[in-house]
Amino acid sequence: MTTAAEFAQQLKDEFGELISKPMEFRGEITVNVADASCITEVCEFAKTELGFDYLIDISTLDHYGEDPRFSVVYELSSISHRQQLRLKTQVTEEHGELPTVTSVWRTADWHEREAYDMMGVKFTGHPNLTRILMWEGYPHFPLRKDFPLEGKPTEVPDVAFTQTAPMDGGPFVTVASSENTTHREPRRRNPEDGK
Amino acid sequence: MTQKTEIGYNSKVEGEVIHTTVDAAVNWFRKNSMWPMPMGLACCGIELMAAGCSRFDISRFGSEVMRFSPRQSDVMIVAGTVTYKMATAVKRIYDQMVEPKWVIAMGACASSGGMYRSYAVLQGVDQILPVDVYIAGCPPRPEAVLEGLMKLQSKVAKEPWAKQHFKPTAQ
């Protein structure tokens, strides 16, 4: 049976310098794709040649203050081989776009719309790149690090409005703790002190 | 009439006539047949369903007729998290309800946004609707829903209906 590490190596053999050395963490294999504009070809190869027939999720990360600012993460799964592989790629804030993989997996349609809606990363060639959770006309991308937790006031007449939420000294956060649940439960605290 | 009733009405003595005030009669009609509009938006909706089932039996208070049409309902029970995306729809459904109408905000989310101090959640449905009764809990138990309904009934019982609708004529 071919393992995910071997699949990652096959990916590297095919694309060479574009694919990083496979990284393993807790049994999960991740490879980095150096050029985001090649993501469709890499995914096409992973599906047709390696048998990754199922795209579990596409997620995005905001490394605010760093360059490139955004990471896009593809969680691939092969049902026939029972293996999973993670692809990562980077997108800069100025460029802010990468090609769609909807031509490879149709399920990427909604995943990419969610990534666009929450993080503002654009997917070129997407058949219908509109907001999926927020409404058309909402001006912000709420999961970006520079977007405040309490939100911003907006209004799209006859569609929806938003206001800022009262924080009351928050944010209310949990802490990792081996103490009882009373100690762990969300309280008004500064995440830096962990108290 | 052998059985003694609470109001002490005896048809043998008093005949076929009952004396009361318009307010008392109208409010009595209203408060004992409040048809809810179940605005179930989250987990509170499940507790609302439990309140309507046989164990808790909301029909003991005349509210078993859950109407999914706002045109036929008297009290909107907002049960759950009202997101900003849903807020316009909730307001529109409230506007479609016929007067007189009341609103119960069921649970922490509908009352104040609850644990969702967030860009996506309306911080209490009272920002768009006139709420009559707030029910605490996350989610409230069905008993709490019934308690809230009884609170609303006692509020309706005190409404000066006649004063609102008829002006005293100047002599």
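The values are calculated or read from the model by the stated rules, or taken from the named source; none is laboratory data. Keep in mind the model is a prediction, meaning the values are calculated, not measured. Please note: Cβ atoms are built from the backbone with ideal geometry, for glycine as well, and neighbour counts cover all protein chains shown. Side chains are part of the model used for accessible areas, which takes the heavy atoms of the whole protein and leaves out ligands, DNA and RNA. Shrake-Rupley method; radii C 1.70, N 1.55, O 1.52, S 1.80 Å.
A few points about this structure:
- Label-to-label distance, nm, for residues given as A:Ser178 and A:His95 (7 Å Cα→Cβ offset): 4.6 nm
- Å² per residue, accessible surface of the range A:1-155 at 1.4 Å: 52 Å²
- Convex hull volume of the Cα atoms of the protein assembly as shown, normalised per residue: 240 Å³.
- Nonpolar atom fraction for chain A, defined as the carbon and sulfur part of the 1.4 Å probe accessible area, stands at 49 percent.
- Volume per residue of the C-alpha convex hull in chain A, rounded to whole Å³: 170 Å³
- Chain lengthening between B:Arg141 and B:Ala24 when straightened (0.36 nm per residue, less Cα-Cα): 39.0 nm
- Listed residues A:Ile19, A:Ile56, A:Ile79, most fluctuating in chain A (Gaussian network, C-alpha, under 10 Å): A:Ile79
- Point-to-point label distance, B:Asp57-A:Asn32, nm (Cα→Cβ direction, 7 Å offset): 6.8 nm
- Gain on full extension, evaluated as 0.36 nm per residue between B:Lys151 and B:Lys167 minus their Cα-Cα distance, stands at 2.9 nm.
- Centre separation in Å (Cα based) which lies between the range B:67-134 and the range A:122-189: 21 Å
- When the C-alpha to C-alpha distance is required to be over 25 Å, the pairs from A:Lys47/A:Lys145; B:Lys101/B:Lys167; B:Lys12/B:Lys167 that qualify are A:Lys47/A:Lys145; B:Lys12/B:Lys167.
- Residue of A:Ser103, A:Ser178, A:Ser59 that the Gaussian network model of chain A assigns the largest fluctuation, springs spanning Cα pairs under 10 Å: A:Ser178
- Shielding by partners, peptide B:114-124 (average Cβ within 10 angstrom, other chains): 5
- Residues whose amide H comes within less than 5 Å of that of A:Gln83, counting only those at least five positions distant or on another chain, are A:Ser78 (H built at 1.01 Å from N in the peptide plane).
- Ranking B:Pro70, B:Ala89, B:Met34 by Cα position along the charge dipole of the range B:17-89, where only Lys, Arg, Asp and Glu carry charges on their C-beta atoms, puts B:Ala89 farthest toward the positive end.
- For peptide A:127-136, the mean count of partner chain Cβ atoms within 10 Å of a residue's Cβ comes to 1.
- Taken across both chains, chains A and B shield about 1200 Å² of accessible surface from a 1.4 Å probe.
- Computed from backbone phi, the HN-Hα couplings of the range B:86-94 come to 8, 4, 5, 5, 4, 4, 5, 5, 4 Hz, rounded to whole numbers (Karplus: 6.51 cos²θ - 1.76 cosθ + 1.60, θ = phi - 60°; Gly and Pro given as x).
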